Amino acid sequence: MAGISERLANQISAQLMPLLSPKYVALLAKRFVIQSTELGITASGPGRVLYPHIDYSQPPPPPALTETEKLWASERLRIEHKSS
């Protein structure tokens, strides 16, 4: 069962998507903090803390078209251009 932090991160991500699209996407991620007394990071628990986190990035580019797909698209555009 998701805790309040996970549900909150999910809602923030859902509300960001329309604002970021189409150039970016909001992704849910988990951020781990490892306990390190040398760095001043301490946590109650077995040595690590897990925080829900929202990140954004550009989606990957679409895959390149195959030669068959290029021919189909070219023919389709030619047919549509003729009919208009």
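The values are calculated or read from the model by the stated rules, or taken from the named source; none is laboratory data. Because the structure is a prediction, the values reported are computed rather than measured. Virtual Cβ from ideal backbone geometry, glycine too; neighbours counted across all protein chains shown. We work out accessible area using only protein heavy atoms, side chains counted, and drop any ligands, DNA or RNA first. Shrake-Rupley method; radii C 1.70, N 1.55, O 1.52, S 1.80 Å.
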Neighbourhood charge, 12 Å Cβ-Cβ cut-off, centred on Ile12 and excluding it, Lys, Arg +1 and Asp, Glu -1: -1
Accessible surface of Arg76 - all protein chains present, 1.4 Å probe, nearest 10 Å²: 120
Pairwise label distance in nanometres, Glu75 with Ile4, each label 7 Å out on the Cα-Cβ vector: 6.0
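Between Ile12 and Thr66, how high is the FRET efficiency from 1/(1 + (r/R0)^6) when r is the Cβ-Cβ distance and R₀ = 25 Å? Nearest 0.05.
Numbers: r = 39 Å, r/R0 = 1.55.
Result of the calculation: an efficiency of 0.05.
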Extension gain (nm, one decimal) between Ala29 and Lys82, 0.36 nm per residue minus Cα-Cα: 14.2 nm
